[in-house]
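Structure first, commentary second.
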Amino acid sequence: MPVGIFRVCLVVITAIVNHPLLFPKQNGTVLENTEEIIQKMKEREESLRLAQLRLEQEIAEQEARQKTLEKAAEVVEERKENRVRWDMWTTLSMVIFLLIELWRQDFQEGNWQDTGGEEDDMAVLGKAFKGVTLPDKAVLDSFYEKRILGTTGDMARMREMVEGFADDLLEALRSVCNRDADMEVEDCMGIGSMYENWRVRKPFVCDLIVPFAPPEPYCFRSQTWCSDDNFSPDEQGYGIIKVCRADEDVTGCICDKTKLGEDMLCLLHSKTNTTRPSSEMEDLLCFKNTQYLDANQVMKWFQIAVTKAWNRISHKYEFDLCFSLLDSPGALKIKFRSGKSIAFNLTPVVQYENSDVYFISHFPRSSLAAGFPSSTHWFLTFAVYERRFIQLVSKTLPVSACHISCLQILSFLHGKQCSLTGPSGLTNYHLKTVMLHLLQARSNQDWAPEKLEARLQDMLKFLEKCLHEKKLYHFFIGNGKVPAELGFPIIFQRAEPLNLFRPFVLHRDIYRKTVDTFHEMLRNTSALINEYTVHIPLAHTNGIHKESL
């Protein structure tokens, strides 16, 4: 019963409390607040959704950046590995290269320009030479007597005439020059095939060099490629000539040889007292704004001086003198009224220190030479020592030795072949270099006159070997076996051997043309010799063979 009464009372109280007339304002507020809360919840939900989107976007960007950084780190790591691998291979390559270079130098010192001292060694040098049969000694002797000696008999008279006229011309040149301002010209010297008695092809041309020196108080100081590391491989065989005052000490200060820092100053040669090149240097035939002798300026000066000298003495002679070749500034030609002419080269040179090595201002062009690196680079010629070496060796050889005869025959064959098929990269200087190497490699008795055929074969095989390897070393440069009697400068003996066939490596078209011309010459050797040989009866030939045996 009490429980029932309690339930009834609870229901009545609840009805009274929830009646709308009892609390009208509070019930309206509850409805309004509910709507506002729902609206705010929607807005909050929207803001949370936008925040979630922004957060997802930032997380995606962060992951992308992380992937990019990881890829960059992988690339850097890979590059490091490649660099380490490349450095390792580079180091290994350098070590191998140095070992090869050291071995090559040792090999060259022990076997410099190996020419093969035995005939058996020479026999395996050439492949194209196999199957080529040279005429026998009787035919070669007849050819030499008819074609070589018959056309070179008047060379001595021509040399005498040219030398006499050149001396007179240079004496007149000294008289027209200003002794206080112009270069001082010395006596001329004959070089080359005309003065080594092996010139065979006409026209005969005498090569004369004329040493000159600057006026007082100036002097020449030179640098060669083997004494300075600044010369490139293309400048091997060249040097530069600096015009200095005789009292100028170019070796006493290192400021010209090393690069000083911007904050360092030489107390001896400051910017205020540095000798600046001026018009005085240009008057001394130097390149513009330098102290280095310019070969082009020298040749212009020399041509003008020769022209003035000839105008002074022309009345004494019954011929005309003119410059004959545009590409050879020192080429002169004497024209007689009868129509005949004599050509000769008169080229100014500068002496290297106190030796007979000379810096030459101009070399005749050839298909192999690419020209001088610049007009301040002068080529060194060893022609005087080459002539002396031939004279020295000739004194120890048998009477009527065949070395000059071999060179003359080879020069004739090559010149004749070039006239048929066009010029090649080989020159007479290359042929003479081959002879010089064989003169040093062979014993004196090997050059007896009866061994003409064998020595001619040696020269052809050796030349073919050099063409195949594209290597023919200069006879003097790097040759430690030069006779001491010559007084040859030791600096060139200790230098790196100079490869005269190096341009063949750079110019394949010229190399191919040269090889083809040489092989064609080998095939045509017998025909070319027989063309200029008097017919020799077979019985006479057999008799000569029996005598030689």
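The values are calculated or read from the model by the stated rules, or taken from the named source; none is laboratory data. Quick caveat: nothing in here was measured; it's all calculated off a predicted structure. Ligands, DNA and RNA are stripped out before the accessible areas are found, and what is left, the full protein with its side chains, is counted by its heavy atoms. Shrake-Rupley method; radii C 1.70, N 1.55, O 1.52, S 1.80 Å.
Quick look at the numbers
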quantity: J(HN,Hα) series, region 496-511, from Karplus relation 6.51 cos²θ - 1.76 cosθ + 1.60, nearest Hz, glycine and proline x; calculated: 5, x, 9, 7, 6, 9, 4, x, 5, 5, 8, 10, 5, 5, 5, 4
quantity: Integer Hz, Karplus 6.51/-1.76/1.60 couplings in order for region 291-301, x for Gly and Pro; calculated: 10, 9, 5, 9, 5, 5, 5, 5, 5, 5, 4
quantity: Per residue, in Å², the accessible surface of region 390-537 once ligands and nucleic acids are set aside, probe 1.4 Å; calculated: 41 Å²
quantity: Listed pairs LYS340/LYS395; LYS416/LYS513; LYS416/LYS471 exceeding 27 Å between Cα atoms; calculated: LYS340/LYS395
quantity: Region 450-510 - percent of accessible surface contributed by carbon and sulfur, probe 1.4 Å; calculated: 51 percent
